[in-house]
Amino acid sequence: IRVEPGAGTAYLWPDVSGLDLTSLDVARLCYDAGVVVSPGYQFGPSGKTRFRMCFAQDEARLDAALDRITAALTGTTHREIHEETADGGRDAQ
């Protein structure tokens, strides 16, 4: 996963081309892990291997969401992640 610093926004645009996943695959895996991200295909052809996430969150929630994203995307070859957040909701990222 490659991520470059945002240019003054609260969004990141990670590139997952090295994971052999589409932006829709990533969005589904993140959602299953309890985090909502936007699949990059919604932003045009250059987004087919990217996703957009907002990091304008409470730091503790953001840390937990990043841990779940990491687990979901690194575990895709071994298992799918189906984990709810502690309160049963989804973290919008």
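The values are calculated or read from the model by the stated rules, or taken from the named source; none is laboratory data. These numbers were taken from a predicted model, which means no experiment stands behind them. Reconstructed Cβ throughout: ideal geometry from the backbone, glycine too, with neighbour counts over all protein chains shown. Ligands, DNA and RNA are excluded from the accessible area calculation, which covers all protein heavy atoms including side chains. Shrake-Rupley method; radii C 1.70, N 1.55, O 1.52, S 1.80 Å.
General observations
- LEU24 versus THR70: modelled label distance in nm, points set 7 Å from Cα along the beta carbon direction: 3.0 nm
- Solvent exposure ordering (accessible area, 1.4 Å, most first) of CYS30, CYS54: CYS54, CYS30
- Expressed as a whole percent, the accessible area of region 1-81 that falls on carbon and sulfur atoms is 53 (1.4 Å probe).
- Order of exposure, largest accessible area first, which applies to VAL35, VAL3 with probe 1.4 Å: VAL3, VAL35
- You can think of it this way: the chain between PHE43 and ARG61 has 3.9 nm of extra reach, that is 0.36 nm per residue less the Cα-Cα gap.
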